[in-house]
Structure formats: C-alpha cells, structure tokens
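Have a look at the structure below, then the notes.
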Amino acid sequence: MVQGVLAPLQFLVFLVSLGLVLRFLATGEGHTAATVSVVVKTLVLYTIMVTGCLWEKDVFGVYLFAPAFYWEDVFSMAVLALHTAYLVSLATGWLDARGQMLLALAAYATYVVNAAQFLLKLRAARLDAARQGTAAEGAAA
C-alpha cells in the first residue's frame, strides 16, 4: 500500500523537479527552486527505497536482491548513488550549479530506466496472473 502511494508521488515530484531543473539549465533562473526540488525528490527516493526494502524482506525474506527483483535492485543502487552524489555535491560545492543540475539529470535518467523496469515487471506479473486465472477457469470447466 505504501509503495502504491509513494511511487506515483515520487513520479509527480520527479516531473515537477525535472521541469525546474530544465528551466534552470535553459535560462539560468530558478536555481533555488530547482535545488530544493532535487533534494525533495531524493528524500522521496530514499523513503521509497527503505519501504521497498522492508516489503522485499516481508515477501522474499531479504531486504535487497531477491531473485525476483535482482536487476531492478542492482539498477536502484545506481539511482541511489547518483542522487546521493548530487547531495554530496550540494553539501561540499564539489560541482558548480550547472554541474549539479547536470548530475541531477543523470540521476533522473537512471530513475526513469529503473521505474520502467518496475513497470514492466508489474505488467508481466499481471499478465501472468491473468493467464493463470484463465487457465484455472478452463481447467475447472
């Protein structure tokens, strides 16, 4: 249930933040708004990752890298690493404002790939469940 709420929320935060980051990169305006949006997106990401790990533990007995979600979890580590690198850059001044926003875009690109992985996995599971339901109905008839 928590994931069902957080995933769409994260996507909405992502869309808003993406717009603000692209606006800053295109015009140089709105740096503070873009920065705050990336931090919020990262915090939502951390929240969804923690709750996802708890769900994976409940369902599969491990916090991460259950065989059913192994590659999604591997790619999630890249997503987390890039978002965390953004926060480190922000805190240390490692990159200038433009570099930070480009790093945020790289993090967002990995997020989109990771979200697509999960959506494809969810779609495949639903199709499989529908096929099993149809097969069970046929066997019962």
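What to note about this one:
- Modelled spin labels at residue 123 and residue 98, positioned 7 Å past Cα toward Cβ, are 3.8 nm from each other.
- Modelled spin-label separation between residue 84 and residue 58, with each label point placed 7 Å from Cα along the Cα-to-Cβ direction: 2.5 nm.
- Other residues whose C-beta falls under 15 angstrom from the C-beta of residue 108 contribute a net charge of +2, scoring Lys and Arg +1 and Asp and Glu -1.
- Computed FRET value (nearest 0.05) for residue 32 with residue 116, which takes r as the C-beta separation and R₀ as 35 Å: 0.70
- Hull volume in cubic angstrom per residue (convex hull over the Cα atoms of segment 71-115): 47 Å³
- Placing a pseudo-label 7 Å from each Cα along the Cα-to-Cβ vector at residue 50 and residue 70 gives an inter-label distance of 2.9 nm.
- Normalised Debye scattering of the chain at q = 0.16, 0.21 Å⁻¹ gives log10 I(q)/I(0) of -0.86, -1.25, counting only Cα atoms as equal scatterers and leaving out solvent.
- Sequence ranges 101-109, 7-15, ranked by mean other-Cβ count within 10 angstrom, highest first: 101-109, 7-15
- Degrees, to the nearest 10: 97-140 long Cα axis against longest axis of the chain: 10 degrees
- Fully extending the segment from residue 16 to residue 131 would add 37.7 nm, taking 0.36 nm per residue of separation and subtracting the current Cα-Cα distance.
- On a per residue basis, segment 58-121 carries 54 Å² of accessible surface, using protein heavy atoms and a 1.4 Å probe.
The values are calculated or read from the model by the stated rules, or taken from the named source; none is laboratory data. What you see is a predicted model; the values in this text were computed from it and never measured. When we count neighbours, we look across all protein chains shown, and the Cβ atoms used for this are built from the backbone with ideal geometry, even at glycine. Please note that ligands, DNA and RNA were not included when accessible areas were found on the heavy atoms of the full protein model with its side chains. Shrake-Rupley method; radii C 1.70, N 1.55, O 1.52, S 1.80 Å.
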